[in-house]
Amino acid sequence: MKCLVLSALTAALMSTTVFAQQAVNLPAKNPWLTDSVYPTSHHNPAQTDVSPIAGPAASKALGPRDVRIVPKVFVSNPVVTRIGEDRVIYAAGSTGISKILATGDMFEEVAYLPYPGFEALGSPSVSAGLAAQLTAVDAARRSYNDAGILAISPEISKLGFDFTTGANGVYNLVDRDGFHYSVYGGVNVMKVSGGTTAQAQLEIVKTFDITSALPAELAATVTRVLGVGMTYDGNIAVAAPGMVALLSRDLEMLGYVTFPGEFVDNSIAIDQNGIYVVSSENMYKVVWTGKKLSFDEADGGWISPYDTMDGETAVSLGALSRGSGTTPALMGFGDDEDKLVLIADADIKGTKLVAFWRDQIPADFEQKPGTQSRHIADQIRVEISYLTIEPSPAIFGYGVVVINATLPEASPVRGDIYGNAMTAGVTRIAPRGIQKFTWNPDENRFELAWTDLTIDNTDVMVPLISAPSNIVFFANKVGLRYEYVGLDWTNGKLHSRYTFPNDSALYNTWGGIGYFLEDGDLITGGFFGAKRFELSE
């Protein structure tokens, strides 16, 4: 692997990419985030999952030497920064935060910080237990032993991963001063220092219990803070059931706005004008007036209902979320004609891709039949899925891809994330299918661009778009063997395939949000650890 520094990286993140003889506007760089290839979840505050890094050029069968792993029970979304001349990755997992030295070819854990109260889950016995469970699940998968695979879920829970702890650290970021922010233990936000050298230990700067700054009645309803992002004026926005809050970077409460009785099971999108959050019932644009958070139209915010089903019904059908399963993602930047925010809804008749006007609704726009409000610019049925989509839409220009994550045969145990991850496509039917849509700004509507029904989406990994390469990448599985696949962004044709070394579950990328380093290596998470894959020859 070669570590190539991109001198134009900052400019690429800030403005446009020259693509197919035309400029494609990208989200504006947030100056309060660290200047790296991946400072925050979903690549940028707009949550588009577009990388300014060129992806690998040709297919490859990876060997063991092409993979480096830092063992952990579960890591979703590592972020990257620099300390001096060194490249450092923070992998916030279900039990704590790993500091990984990734300079050049390296991928070595140099520090580990358990979340307060999770200290026992970082012991050597836990590491030994993790290795034993990997051996057990590999044996069960290879013998297609459904009951044997499902029996491992309680053991994984004992090591620190379950439906509750799985949310720890999923959404995290590094600010321009090198401080790392994540959420753990349901309602706690943690600010961590990585020190002034790559080898320095991690230190907690401050932790903040969101509920400590709320009235008792409201605090009793806030059981889990999930979404976290950096605003363009340098504050930390967080989302929780029934509310959005704004914190200073010193973790002091600046304000909050509530929507009682509504759940928030996703993160948030942010642009220079607002914070976009989807609840189990409504889509919101929340703005900071300098004195308060508000979604009142008089302040520049808005609220719109969308088609959804009862949350308990959704979970009983295998959904991970109540209402929309997707973190909102933004479409339209710079001088683009239309500025939109996209989600997948939770229509009980079948999920739809929904676009809302981000700013003012065009004066001549007439509400479309079947939509819940005039704020909805358009919606279109996603034929590959009948339940809400969990991985967020990935957006490049006026194109957007969504993947089917509906489990045709879910685990019989309600909320059994691990069991579903390991049985789908092995002893149970896998969720398959990808669709790309394009937005037609002249007619204010979505159009279907292409469909692929071959990709196994068991890993529910968010698609990754390489803007310079015009390729969209997906986690895939063929039989027992995990792989990464690139499809042409324009026509959906196969571009490249990267098969992982063998059929071990070690190579899963479940729930991860991958990104490329400057040399094209893929960084992702999943069960059993944070991973670095050398995809190029």
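Taken together, the values in this text are just the output of simple stated rules run on the coordinates, not laboratory data. None of the values given here were measured: they were computed from a predicted structure. Neighbour counts run over all protein chains shown; Cβ positions are idealised from the backbone, glycine included.
Remarks
- Fewest-first ordering of Ser267, Ser536, Ser280, Ser125 by other beta carbons within 10 Å of each residue's beta carbon gives Ser125, Ser536, Ser280, Ser267.
- Size of charge dipole - the chain - debye, nearest 20, with Cβ of Lys, Arg +1 and Asp, Glu -1, no other charges: 960
- Ranked list, fewest to most other Cβ atoms within 10 Å of each Cβ, for Asp521, Asp347: Asp347, Asp521
- Residues of the chain were split at every exposed loop site, defined as trypsin sites (Lys or Arg not before Pro) in a DSSP loop with at most 11 other C-beta atoms within 10 angstrom, and the longest piece left, sites excluded, is 3-290.
- Fewest neighbouring Cβ atoms within 10 Å first, the residues Asp416, Asp442, Asp271 line up as Asp442, Asp416, Asp271.
- A straight chain from Ala120 to Glu366 at 0.36 nm per residue would run longer than the Cα-Cα distance by 82.7 nm.
- Based on the Kirkwood approach, the hydrodynamic radius assigned to the chain is 22.9 Å, with every pair of different Cα atoms included.
- Bridging of Lys349 to lysines at a Cα separation below 24 Å is possible for Lys368, Lys436, once same-chain residues fewer than 8 apart are set aside.
- Dipole of the stretch 9-533 [Lys/Arg +1, Asp/Glu -1 at C-beta], most positive-end residue of Asn420, Ile53, Ala346: Asn420
- Each label was represented as a point 7 Å from its Cα along the Cα-to-Cβ direction; for Glu217 and Asn25 these points are 4.3 nm apart.
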